[in-house]
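Here the structure comes first, spelled out in structure tokens, and everything after it is commentary.
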Amino acid sequence: MLFDLHPKQNREELFGRDYEIEYVINQILSGNWVIIGGQREIGKTSLMKVVINELRKKYGFKGIYVSLRGVRSLNSLLNLIILELNKSKTQINLRVSINFVVGSAGIELKRNAKAANSLIELFNSIQEEFVIGIDEVQEISKASRQFLDVLGNVFSTNPKVKFIFTGSYVGVTKTLINPSASSPLHGRPPALLNLKPFNEELSKGFLRKGMEELNVSFDKEDEVVKKLDGIVGWLTLFGNFYAIRRMDFKEALNLTLEEGKKIMIEEFNHFLESKTNKQLYLIVMETLKFVNRWKDIKRGVEIKMGKVDDKELSLALDALINGNFVTRGERREYTITDPILKEIDFEKLSSRNAFI
């Protein structure tokens, strides 16, 4: 069902993304790795999982999916991949001997084995067409150099292994997309697919089809799309509340906004963890609800904070863009990407030191 809250697994479950599915598949078949980018709740995980399953069914690939949410080290990544390989129903032939033992229970890591060397051995031992989906790749930014070294080695050594990544345009994701001259992936960056929200027509079509699946009569698509835009995660959540849990319209829409705010507050909190001047980011987001030109943003921020350095403000706006919280238009106008973000009282959060 379209209004099932779990990430989609099969093509027939994924609405409105046929072009994106074919694009990623074609890139993988052509030997390219792929990064799926985009804001929270836009459907990156669902697209990745559907593509992996399509590659399995139609092209004979084997593969695994891993989420790096909360993963910070190469050791944690290695253990996660071993776990997924061992619980995968697909049997694969691995030629490992140095850092691993293969037995009836699956793959086991030898004591004192180094994570980077073990990952290289593991990936390079795969002898079949294999796709590895790594979700939220920016989470491993603290070990980014080692991780990039591993990826560079695998890219050069084993063309049978293909990677699909998802992530926001920060940290290791940025390095993957635009590798420097010193990067192991210099000259061979993954292809980038940046998922966009549905347009108005697709958003309404999504709601209509979801309601039809559940035999629910519905005629308030305009009001829902006006509030939630084309963010498929929020449209799905509303549909689940309204058509599956049978809440009334206002309750379902209000609860979608409230639950969405909790998710986006957590996401913004996560974004701010590495930032020194958290207050600036909070005030910028609040200011962007009312103005969108750089000079007006600066004026609004300085009313709240006092004098702000031009470069510091520009860097903060760039970071918000890279984190998919803000977009910059052709006329250099700045806009908050997600309607749910506009519902958050950033100034109130700031006064409570909620993020600090």
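The values are calculated or read from the model by the stated rules, or taken from the named source; none is laboratory data. Since this is a predicted model, take the numbers as computed values, not measurements. All Cβ positions, even for glycine, are placed from backbone atoms using ideal geometry, and neighbour counts span all protein chains on display. Protein only, heavy atoms only, side chains kept; ligands, DNA and RNA dropped before computing areas. Shrake-Rupley method; radii C 1.70, N 1.55, O 1.52, S 1.80 Å.
General remarks:
- Taking segment 248-288 as the range and being over 21 Å from residue 42 (Cβ atoms), touching a helix residue (DSSP H, G or I) at 6+ places or on another chain (Cβ under 9 Å) and open to solvent by 50 Å² or more (accessible area, probe 1.4 Å) as the test, the residues that pass are 248, 251, 274, 279.
- For segment 220-233, the condition of being closer than 19 Å to residue 245 by Cβ, β-branched (Val, Ile, Thr), more than 20 Å from the chain's Cα centre (by Cα) and buried (at least 22 other Cβ atoms within 10 Å of the Cβ) holds for at least one residue.
- Complete set of residues in segment 125-149 that are part of a helix (DSSP H, G or I) and either open to solvent by 40 Å² or more (accessible area, probe 1.4 Å) or among the β-branched types (Val, Ile, Thr) (or both): 137, 140, 141, 142, 145, 146, 149
- Of residues in segment 33-61 being more than 26 Å from residue 321 (Cα to Cα) and open to solvent by 50 Å² or more (accessible area, probe 1.4 Å), the one nearest to the chain's Cα centre (by Cα): 56
- Yes/no for residue 185 being modelled with pLDDT of 80 or more and more than 15 Å from the chain's Cα centre (by Cα): no
- Subset of segment 70-116 that is among the basic types (Lys, Arg) and over 25 Å from the mean Cα position of the chain (by Cα) - its residue that is surrounded by the fewest Cβ atoms within 10 Å (Cβ to Cβ): 89
- Any hit, segment 318-327, residues being open to solvent by less than 30 Å² (accessible area, probe 1.4 Å), part of a strand (DSSP E or B) and not hydroxyl-bearing (Ser, Thr, Tyr): yes
- Residue that is most open to solvent (accessible area, probe 1.4 Å) [pool: residues in segment 200-219 that are acidic (Asp, Glu) and free of Cβ contacts under 8 Å to residues at least 12 places away in the same chain]: 201
- Scanning segment 303-317 for residues that are without any contact (Cβ under 8 Å) to a residue 40 or more places away in the chain and not hydrophobic (A, V, I, L, M, F, W, C), we see that the one that is most open to solvent (accessible area, probe 1.4 Å) is 307.
- Being within 28 Å of residue 23 (Cβ to Cβ) and not aliphatic (A, V, I, L, M) is a property that does not hold for residue 219.
- Of 262, 348, 311, all but one fail to be under 30 Å from residue 246 (Cα atoms), part of a helix (DSSP H, G or I) and of a type in the set (Lys, Arg); the exception is 262.
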